[in-house]
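In what follows, a single structure is set out as structure tokens and then discussed.
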Amino acid sequence: MPLARLAPLLFAILVLSGCYGRLQRPIPSSHYSGQAAERSDTLLVMLPGIRDRMGDFDREGFIGVLRRHAIQADVISVASHAGYYFSGELVERLHDDIVLPARSQGYRSIWLVGISMGGMGCMLYAREHPQQLSGIVLIAPFLGRDDQLQALRERGLQDWLASPPPLLSIDRGSREAWQWIAYRAGSAQPALYLAYGRQDRYAADYRLLARIGTPTLVIDRDGEHDWATWRHLWRSLLQGPLGQVLGSQQVSPPVLTPGTRQAAALE
């Protein structure tokens, strides 16, 4: 079998053998309190990318910029490494270990924020539990492996979705994420904010997501699939409508025209 065909299987074996971290119950997480004297009733749950760690949101300034913008929201960053995706446990762990306990603690508005692979995690959770969320923020989300996305572009979304289910769980996750994108406009779903760099290798797929999924807001700027770009996009989101929603502590986000597009300011 050609190495290119073996690569996904080898990757899955490495993940499941523990090379990307041990699966834990409950899933590990870090909590950051907002600036209010009392605990906020808004919670941001942040999911990192496949090569990132939950502490990277703090190290890369995502937590600090919330404080600089006086966003009165608490944050939980989650150690959602690739093993949870390949095992199919991610949604269950998020629901049982993060979201339901947050509800019991009094959080009324819960948002998921996902970068790269974490973006797929947000979509998978929203597909199963949309009623639990006020919104999700996708920053350069992982939408599938290259061969899967090529097949989607060549065959069209509906034909691709109708094909037999793939072998790897990560590919099944990609299929489920696109199913949510395709059908979210026809039902009550949380607000969706999409942000990406124009030079990102997956930019064409993000534009397809924007056309099909009718996000509340789309922001793009010059940049690639890296933290430097994501930091700028995060600041731009907080300086715009997302910051207004979070800053005003609204449980239900204000209605914007679906597909509103905004170019991120170049800092």
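The values are calculated or read from the model by the stated rules, or taken from the named source; none is laboratory data. Keep in mind it's a predicted model, so treat the numbers as computed, not measured. Ideal geometry is used to build each Cβ from the backbone, glycine not excepted, and the neighbour counts take in all protein chains shown. Side chains included, ligands, DNA and RNA excluded: accessible areas come from the protein's heavy atoms. Shrake-Rupley method; radii C 1.70, N 1.55, O 1.52, S 1.80 Å.
Here are the numbers for this structure:
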| item | result |
| --- | --- |
| Carbon/sulfur fraction of accessible area - the range 91-159, other protein chains in place, 1.4 Å, % | 43 |
| Fully extended contour minus Cα-Cα distance, from Arg25 to Arg198, at 0.36 nm per residue | 58.5 nm |
| Packing rank of 200-208, 100-108, 137-145, 228-236, where each peptide gets the mean count of other beta carbons within 10 Å, highest leading | 137-145, 228-236, 200-208, 100-108 |
| Whole-number accessible area per residue in Å² for the range 87-161, which is evaluated in the context of all protein chains at 1.4 Å | 34 |
| Relative contact order (%) - criterion: Cα under 8 Å, at least six apart; region: the range 116-245 | 27 |
